[in-house]
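What follows is one structure encoded as structure tokens, with my remarks underneath.
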Amino acid sequence: MLFHKKEQTKEERKEAAPILEVRDLHYAYNDEKHALNGVSLQIREGEKIAVLGANGAGKSTFFLSINGVLRPHRGEIFYRGELITKKKLNHLRKNVGIVFQDADNQIIASTVMGEVSFGPMNLKLPREEVLRRVDKALSYMNITEFRDRPPHYLSGGEKKRVSIADIIAMESEVIVFDEPTAALDPLNAQMLEEVLAKMGAEGRTILLSTHDVDFAWRWAERIIVFHQGKVIADDTPLRVFQQEDLLRRANLKHPMLFDVYDTLVKKGVVPAGGPYPRNIEEFDELVNCL
């Protein structure tokens, strides 16, 4: 099943054909606001990608385009090498699931069971298959006990779990998170990060937008930076955050551990050229070696 794939190495991903590709995407909400200005990208299976950029840079419009909610005014989208036409939009929507920033904008049913079963039922799957997917998604997100509860009475973190279960039940191959940690308290933000780590370990293909550079630094293996509807950077986290001009242009800052490491190097506490710590565990290892 989809959640038990063998995780590919980075080298294997680079050699593999892209699971999703966009070529020269353009989208304008009106004559003056051009949200996408010629975006071309390749997304490979199993990648963990953070999409950064200021508000209005084009991140959400890009997500809605690759999910099939918006139709680009110009450009092409390919899913597993197949050009997505108007007739094939449902194929794209089935395989590229999106978890919106505000769970209330995604939840529509009167019970959690009804909410999570809505997508699989629209695929006209047999009842037994729908129930199997719902049970699996609720168990995966640890919300089986909520199945008969009205989702609108749940807490913000619980609603986020339900909205993620929606996409899991669809068995989408690519999962897109639009500002997933926004409005979550620290405990629920940690829960979400644990879910993302679990998905990543299972070889899921994940794209997420965030303003939290510390989270992007410790989680992502690839960072894409948007600015005024264009991609101005697409590289590893280290190479992105080493570019001072790029950070100023995109209104970004260094992750805290990045600056801490640079400070230790300048003071001669650690030698230059070593690996930057990506998380607190790696920082502890660095300090313990001093």
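Annotations for the structure displayed:
- Those helices (runs of 4 or more DSSP H) lying entirely in segment 243-290 with at least 1 residues open to solvent by 100 Å² or more (accessible area, probe 1.4 Å), aliphatic (A, V, I, L, M) and in contact (Cβ under 8 Å) with a residue 12 or more places away in the chain: 256-266
- Any hit, segment 194-215, residues being in contact with a Gly (Cβ under 9 Å, 6 or more places away or on another chain), polar (S, T, N, Q), part of a strand (DSSP E or B) and open to solvent by less than 10 Å² (accessible area, probe 1.4 Å): yes
- Qualifying positions in segment 131-174 - within 20 Å of Lys48 (Cα to Cα) and β-branched (Val, Ile, Thr): Ile164, Ile167, Ile168, Val174
- Residues that are assigned to a loop (DSSP other than H, G, I, E, B) and either closer than 14 Å to Ser117 by Cβ or not hydroxyl-bearing (Ser, Thr, Tyr) (or both) within segment 133-173 comprise Met141, Asn142, Ile143, Arg147, Asp148, Arg149, Pro150, Leu154, Glu171, Glu173, listed in sequence order.
- Listing of strands (runs of 3 or more DSSP E) fully contained in segment 14-127 that carry 1 or more residues being modelled with pLDDT of 95 or more and surrounded by fewer than 15 Cβ atoms within 10 Å (Cβ to Cβ): 20-28, 34-43, 74-79
- From Glu171, Glu221, Glu179, residue being closer than 24 Å to Tyr276 by Cβ, out of contact with any Gly (no Cβ under 7 Å at 6 or more places or on another chain) and open to solvent by 10 Å² or more (accessible area, probe 1.4 Å): Glu221
- Filter result for Val99 (under 25 Å from Leu192 (Cα atoms) and in contact with a helix residue (DSSP H, G or I) (Cβ under 7 Å, 6 or more places away or on another chain)): yes
The values are calculated or read from the model by the stated rules, or taken from the named source; none is laboratory data. Computed from a predicted structure; not experimentally measured. Every residue, glycine among them, receives a Cβ derived from its backbone with ideal geometry; neighbour counts consider all protein chains shown. Note: accessible area is taken over every heavy atom of the protein model, side chains too, but ligands, DNA and RNA are not part of it. Shrake-Rupley method; radii C 1.70, N 1.55, O 1.52, S 1.80 Å.
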